[in-house]
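K.L.:
Dropping the structure in here first, questions after.
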Amino acid sequence: MSEPDIFYILGNKVRRDLLSHLTCTECYFSLLSNKVSVSSTAVSKHLKIMEREGLLKSYEKEGKFIGPVRKYYKITLSNTYVVTVTPNLFWYKGIRLEEKPNLRRFEINLENLDASPDTLQSMVINLLDANKELENLLEALRALESYRDMLVKNIKERYLEEIGDMTQLAILHYLLLYGEATIEDLSDRLNLKEREVIKKAEELSKFVPLIIKENIIKIDEEKLKKY
């Protein structure tokens, strides 16, 4: 299977929203359809595009209760993508993440780069040296993103095992990735009324302390450190 055209996939907001929901928990078709503001036909089209590109895989699974077998979707790759676009550079790279993060010391040294090389040869050699430092930086990024991926996976599993509330988990997942959110953002993202978002955030705060103030919700890091 060739590498998916990630920029084509991410160029559509509905597909970005679907991927965001799928990173929170496994989802079946009707649940995904309820999470985005387009028709079920459009959702089906976007899922087929991502499955065709190799980014998603569908599978059938019986529910916990009596009922028909449901079609679920899951993300099939674990990559970080880096892109630079300037009048002089168009460059991108996919970085495959590791199941076990390589948490070690990484050396990034920019002091040896000449800030103002004045000959063609010195410009070329400094660019080559900068490329080497960039590779070191990308290796550090691979380790860091692999570590974050592992932690989020473990947090989701632990939260579902101990608390089991999917809506609370969805709020926590968003806050972990973006730091904070407005009640309106979460309302739109979760397809919930604002008062329901506040109620779920207050319930979540019993397990992971939150600051809910002036329409903003964020994790209370100072209080969390005291647990």
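The values are calculated or read from the model by the stated rules, or taken from the named source; none is laboratory data. Small disclaimer: the values here were computed from a predicted structure and weren't measured. Quick reminder, even Gly has a Cβ in these numbers, built from the backbone with ideal geometry, and neighbours come from all protein chains shown. Areas reflect the complete protein model, heavy atoms only, side chains present, ligands, DNA and RNA absent. Shrake-Rupley method; radii C 1.70, N 1.55, O 1.52, S 1.80 Å.
K.L.:
Please report the accessible area of Tyr178 (heavy atoms, 1.4 Å probe, ligands and nucleic acids excluded) in Å², nearest 10.
P.N.:
Roll a 1.4 Å probe over it and Tyr178 shows about 140 Å².
K.L.:
Same structure again: Take the alpha carbon gyration tensor of the range 25-147, find the square roots of its eigenvalues, order them as a ≥ b ≥ c, and report rounded if a/c is under 1.5; if not, report prolate when a/b exceeds b/c, else oblate.
P.N.:
Prolate.
K.L.:
So which trypsin sites (Lys or Arg not before Pro) in the range 1-100 pass both tests, a DSSP loop state and at most 16 other Cβ atoms within 10 Å of the Cβ?
P.N.:
Details: sites: Lys13, Arg15, Arg16, Lys35, Lys45, Lys48, Arg52, Lys57, Lys61, Lys64, Arg70, Lys71, Lys74, Lys93, Arg96; in loops: Lys64.
Answer in residue order: Lys64.
K.L.:
In straight Cα distance, which lysines are under 19 Å from Lys13, not counting same-chain residues fewer than 8 positions off?
P.N.:
Straight-line reach from Lys13, under 19 Å: Lys35, Lys45, Lys48, Lys74.
K.L.:
Roughly how many Å is it from the Cα centre of the range 129-180 to that of the range 68-116, as a whole number?
P.N.:
When both Cα centres are located, 13 Å separates them.
K.L.:
Ignoring everything except DSSP H segments at least 4 long, calculate the 222 nm mean residue ellipticity for the chain; use -39,500 (n - 2.57) per segment, divide by total residues, nearest 500.
P.N.:
Theoretical 222 nm ellipticity from helices: -16500 deg cm²/dmol.
K.L.:
Relative contact order for the range 2-103: what is it in percent, counting Cα pairs under 8 Å that are at least 6 residues apart?
P.N.:
Details: 111 pairs, mean separation 21.8, N = 102.
With pairs under 8 Å counted, the relative contact order is 21 percent.
K.L.:
So, one more: Using alpha carbons only, how many degrees (0 to 90, rounded to 10) separate the axis of helix 166-178 from the longest principal axis of the chain?
P.N.:
Helix 166-178 sits roughly 20 degrees off the main axis of the chain.
K.L.:
Quick one: compute the contact order of the chain, relative version, from alpha carbon pairs under 8 angstrom and 6+ residues apart, as a percent.
P.N.:
Averaging sequence separation for qualifying contacts and normalising by length gives 13 percent for the chain.
K.L.:
Note the angle between two axes, namely the Cα long axis of helix 120-162 and the longest principal axis of the Cα atoms of the chain, as a number of degrees from 0 to 90, rounded to the nearest 10.
P.N.:
Relative to the chain, helix 120-162 is tipped by roughly 20 degrees.
K.L.:
Of all chymotrypsin sites (Phe, Trp or Tyr not before Pro) in the range 1-109, which ones are in loop regions per DSSP and have a Cβ with at most 10 other Cβ atoms within 10 Å?
P.N.:
Phe65
K.L.:
Hey, another quick one. Please give the helix 194-204 orientation as an angle from the longest Cα principal axis of the chain, in degrees from 0 to 90, rounded to the nearest 10.
P.N.:
That helix lies at roughly 80 degrees to the long axis.
K.L.:
Now for a separate question. Which value, in Å² and to the nearest 10, is the accessible area of Thr119 when all protein chains are kept and the probe is 1.4 Å?
P.N.:
60
K.L.:
With Kirkwood radius over Cα pairs in Å as the read-out, I listed (1) 19.8; (2) 18.2; (3) 20.6; which label goes with the value calculated from this structure?
P.N.:
From the options (1) 19.8; (2) 18.2; (3) 20.6, the structure gives (3).
K.L.:
Of the listed peptides 122-131, 137-146, what is their order by residue-averaged count of other C-beta atoms within 10 Å, with the highest listed first?
P.N.:
137-146, 122-131
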